[in-house]
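Worksheet: one structure, shown below.
The values are calculated or read from the model by the stated rules, or taken from the named source; none is laboratory data. No experiment lies behind these values; they were computed from the predicted model shown. When we count neighbours, we look across all protein chains shown, and the Cβ atoms used for this are built from the backbone with ideal geometry, even at glycine. For accessibility, only protein heavy atoms count, side chains too; no ligands or nucleic acids. Shrake-Rupley method; radii C 1.70, N 1.55, O 1.52, S 1.80 Å.
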Amino acid sequence: MVGTGRASVGALLVALAVLAPAATAQTCGDELPLQLVGNYSGLACAPVWNNFVLRYAQGKDNVLRVVLSTMYSTGWVGMGFSKDGLMVGSSAMVGWMGKTGVAHIKQFSLQGKTPSQVVVDKGSLVSNDHDHTVLVQQAKIYLAFQLRFTAPLKRQNVLLAIGSAIPVNDRLSEHQDKTSIAFDFTTGSSSSASSFPEGLKRTHGALNLFAWGVLLPIGAIVARYCRRWDPLWFYLHTGIQFVGFILGLAGIVAGVSLYNKIQANVPAHRGLGIFVLVLGILQILAIFLRPNKDSKYRKFWNWYHHWVGRLALFFAAINIVIGIKVGGAGNSWKIGYGFNLAVLLITIIALEVLLWTRWRNNSGSTVAY
């Protein structure tokens with residue numbers, strides 16, 4: 001009997017654990033708090049993401065009434081309206097319960113990805129602040145607001161995000177989780193927003209990092225430290241640099257396409273990218289103007305070719321770091337490129353020591369190429 005009792009208790013605990021999420025999860029069957037019924041009755045409803053539930057209705061005067069709800073303990077919850085599904089350039093309504101129990105709901109202009117670029121009381125959404133409400137009830141938060149648009153919304157890119165820290169002085173912390181969806185306000189259906197810009201950004205970064213940060217430095221290392229294997233070093237150098245330049249050019253084309261898509265405000269990154277591309281093109285053109293080995297101009301060509309190449313790689317490395325930062329690439333990119341740089345630098349230092357040792361032991365003659 002004791003064993004049976006223990007088994008029954010165990011089964012009951014398991015059942016409660018399974019049923020607990022279902023009991024607390026957000027559904028469209030949940031009734032709105034009484035405080036919202038007056039201004040927000042008769043809304044359509046759709047589950048949109050995780051525990052987020054969106055209730056909405058559009059009036060004849062193009063006023064959109066919204067109640068966004070989700071599970072809540074602390075932090076902030078936001079809903080943004082975007083032209084392209086991206087955060088930068090969009091406007092959002094964000095609500096939270098303050099530490100003293102005072103509710104807050106404000107509009108934010110998402111001008112960038114850092115907290116200082118998320119500006120309170122700015123944005124393109126037209127609203128009446130008196131129509132906004134935030135309620136926390138039964139571990140759920142409700143953001144209720146009304147927005148006026150120039151025409152009825154149809155398919156609209158919507159951003160949803162949640163942060164774990166309570167904003168201080170209206171400064172939002174980085175979101176804990178987020179998503180971008182395309183929501184149809186006429187049918188109530190939703191789908192993931194196009195990942196084209198994000199995929200294009202990764203392609204742009206990966207191509208340029210591999211070309212300018214890996215292949216082209218390796219080609220330069222071959223040219224400086226492998227000349228005793230003539231003419232193999234020359235063919236390797238030429239082949240690696242050609243492939244690297246083509247991949248880098250493809251990465252720049254992806255960057256131009258990305259810029260045309262999102263109009264990112266990254267003047268330093270763009271300017272350095274153009275400068276490095278020009279240096280790369282000059283290096284390619286220099287190949288067709290290379291004097292013969294016995295020409296009196298060969299040493300000047302060598303100086304030009306060496307230093308323009310080094311300058312291009314130096315500024316390319318700087319621009320890769322800038323690109324990782326402005327693109328918000330994350331720690332994996334930072335660690336990966338940092339490790340790559342460390343390997344290249346250690347390799348160059350070791351080979352340079354060996355080269356100088358060999359030159360000192362020999363006559364130190366310079367081979368022209």
The farthest towards the positive end of the charge dipole of the chain, of the residues GLY244, ASN362, ALA182, given +1 on Cβ of Lys and Arg and -1 on Cβ of Asp and Glu, is ASN362
Under a 1.4 Å probe, counting only protein heavy atoms, CYS45 has an accessible area in Å², nearest 10, of 50 Å²
Mean-square fluctuation maximum in Gaussian network of the chain, Cα pairs under 10 Å, restricted to THR27, THR187, THR100, hits THR100
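Where does the chain land at 222 nm, in deg cm²/dmol rounded to the nearest 500, when only DSSP H runs of n ≥ 4 count, each adding -39500 (n - 2.57), divided by all residues? Provide the component values of the computation, followed by the final result.
On the way: 8 runs with 164 residues, N = 369.
Mean residue ellipticity at 222 nm (helix-derived): -15500 deg cm²/dmol.
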In whole Hz, the Karplus estimates of ³J(HN,Hα) for segment 45-54 (6.51, -1.76, 1.60; θ = phi - 60°; x where Gly or Pro) are 9, 8, x, 10, 5, 6, 9, 7, 10, 10
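Please compute the length gained on full extension between ASP177 and PHE210, using 0.36 nm multiplied by the number of residues separating them and subtracting their Cα-Cα distance. The partial results should precede the final answer.
On the way: separation 33, 0.36 × 33 = 11.88 nm, distance 2.98 nm.
That works out to 8.9 nm of additional length.
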Projected onto the charge dipole of the chain (unit charges on the beta-carbon of Lys, Arg, Asp and Glu, signs +1, +1, -1, -1), the Cα from ILE320, VAL214, GLY199 with the largest positive-side position is that of VAL214
The simple spin-label model distance between THR74 and THR187, using points 7 Å out along Cα→Cβ, in nm, is 4.3 nm
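Which of the three applies to segment 191-330, rounded, prolate or oblate, going by the alpha-carbon gyration tensor with a ≥ b ≥ c and a/c under 1.5 meaning rounded?
Values: a/c = 2.78, a/b = 2.25, b/c = 1.23.
Judged from the Cα gyration tensor, segment 191-330 comes out prolate (a/c at least 1.5, a/b above b/c).
Using a 1.4 Å probe on the protein chains only, how many percent of the accessible area of segment 69-176 belongs to carbon and sulfur?
Numbers: 2660 of 5400 Å².
For segment 69-176, the apolar C and S fraction of the accessible surface comes to 49 percent.
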Taking placed amide H atoms and a strict 5 Å upper bound, the residues 5 or more places from SER90 or on another chain that come that close are LEU110
Per the rule of 0.36 nm per residue minus the C-alpha distance, extending TYR297 to ILE318 adds in nm 4.4 nm
Net charge (Lys, Arg +1; Asp, Glu -1) of residues whose beta-carbon lies under 10 Å from that of LEU43, LEU43 excluded, is +2
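Kindly flag which residue pairs out of LYS201/LYS334; LYS60/LYS83; LYS178/LYS261; LYS60/LYS113; LYS140/LYS178 have an alpha-carbon separation exceeding 25 Å in this structure. Before the final figure, lay out each step's value.
Working: LYS201/LYS334 15 Å; LYS60/LYS83 23 Å; LYS178/LYS261 21 Å; LYS60/LYS113 35 Å; LYS140/LYS178 18 Å.
Check vs 25 Å cut-off fails for LYS60/LYS113.
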Cβ-Cβ cut-off under 14 Å around LYS178, Lys and Arg +1, Asp and Glu -1: the net charge is -2
Ratio for the chain, C-alpha Rg to 2.2 N^0.38 Å, reads 1.43
Ordering ILE346, ILE240 by the accessible surface of their heavy atoms, 1.4 Å probe, largest first, yields ILE346, ILE240
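For segment 34-192, just say rounded, prolate or oblate: build the C-alpha gyration tensor, square-root its eigenvalues into a ≥ b ≥ c, call rounded for a/c under 1.5, and beyond that prolate if a/b exceeds b/c, oblate if not.
Values: a/c = 1.42, a/b = 1.15, b/c = 1.23.
The shape class here is rounded.
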Plugging the Cβ-Cβ distance of ASN39 and THR114 into 1/(1 + (r/R0)^6) at R0 = 30 Å yields, to the nearest 0.05, a FRET efficiency of 0.25
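Once you have a ≥ b ≥ c as the square roots of the Cα gyration tensor eigenvalues for segment 46-130, tell me rounded if a/c is under 1.5, and otherwise prolate or oblate according to whether a/b is larger than b/c.
Working: a/c = 1.32, a/b = 1.04, b/c = 1.27.
Rounded is the answer for segment 46-130, as its axis ratio a/c remains below 1.5.
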Length gained if TYR304 through ILE246 is fully extended, taking 0.36 nm per residue and subtracting the Cα-Cα distance, is 18.7 nm
In Å², rounded to a whole number, the accessible area per residue of the chain with probe 1.4 Å is 57 Å²
Once phi for every residue in segment 82-91 is put through the Karplus expression 6.51 cos²θ - 1.76 cosθ + 1.60 (θ = phi - 60°), the whole-Hz ³J(HN,Hα) values, with Gly and Pro written as x, are 10, 7, 10, x, 9, 5, 5, x, 9, 10
Taking the dipole of the chain about the Cα centre (Lys, Arg +1; Asp, Glu -1; charges at Cβ), the one of GLY336, SER127, ALA139 that reaches farthest to the positive side is GLY336
Taking a straight Cα-to-Cα line shorter than 13 Å from LYS154, and setting aside same-chain aspartates and glutamates fewer than 8 residues away, one finds ASP184
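Hey, if we sort PHE315, PHE275, PHE288, PHE245 by accessible area with the 1.4 Å probe, largest down, what's the order? Kindly include the intermediate steps, with their values, before the conclusion.
Working: PHE315 55, PHE275 80, PHE288 165, PHE245 30 Å².
Final ranking, largest accessible area leading: PHE288, PHE275, PHE315, PHE245.
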Two pseudo-spin positions, 7 Å from Cα along C-beta at ALA165 and at SER257, lie apart in nanometres by 3.7 nm
Expressed as a percent, the accessible surface of segment 291-359 that is carbon or sulfur, using a 1.4 Å probe and the full set of protein chains, is 74 percent
